[in-house]
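What follows is a set of notes on a single structure, which appears directly below.
The values are calculated or read from the model by the stated rules, or taken from the named source; none is laboratory data. Since the structure is predicted, the reported quantities are computational estimates derived from the model, not experimental observations. Every residue, glycine among them, receives a Cβ derived from its backbone with ideal geometry; neighbour counts consider all protein chains shown. To get the accessible areas, we keep the full protein, side chains included, count just its heavy atoms, and leave off ligands, DNA and RNA. Shrake-Rupley method; radii C 1.70, N 1.55, O 1.52, S 1.80 Å.
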Amino acid sequence: MEQAKIDRINFLAKKKKAEGLTQAEQDEQKALYEEYLEGYRRNLRATLGSTVIERPDGTREKLEKKEK
């Protein structure tokens, strides 16, 4: 996510606390926040996808998604 969008998220959060947001600003904030969260989740999945557990005996094992 571009720094300008992150700055806009922060601006809207501060404005919300100080004076409140219009409906259009609330919609913009929600859309930006969803975009931010999706990028965060994508990065976390990529990190976990490349994570390896090394056992005491020296074997290495990739993390796998846990079944529910």
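One table, with the values for the structure above:
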| quantity | calculated |
| --- | --- |
| Near pairs, Cβ below 6 angstrom, 6+ apart or cross-chain, from region 47-68 (without any contact (Cβ under 8 Å) to a residue 40 or more places away in the chain) to any residue that is aliphatic (A, V, I, L, M) and part of a loop (DSSP other than H, G, I, E, B) | LEU48/LEU63; THR51/LEU63 |
| Residue that is farthest from LEU63 (Cα to Cα) [pool: residues in region 28-51 that are charged (D, E, K, R) and open to solvent by 90 Å² or more (accessible area, probe 1.4 Å)] | LYS30 |
| Subset tally (residues that are open to solvent by less than 80 Å² (accessible area, probe 1.4 Å), of a type outside the set (Ser, Thr, Tyr) and out of contact with any Leu (no Cβ under 9 Å at 6 or more places or on another chain)) for region 11-22 | 2 |
| Residue ID - surrounded by the most Cβ atoms within 10 Å (Cβ to Cβ), chosen from residues in region 1-10 that are touching a residue at least 12 places away in the same chain (Cβ under 8 Å) and part of a helix (DSSP H, G or I) | ILE9 |
| Subset of region 25-68 [part of a loop (DSSP other than H, G, I, E, B) and either aromatic (Phe, Trp, Tyr) or touching a Ser or Thr at 6+ places or on another chain (Cβ under 9 Å) (or both)] | LEU63 |
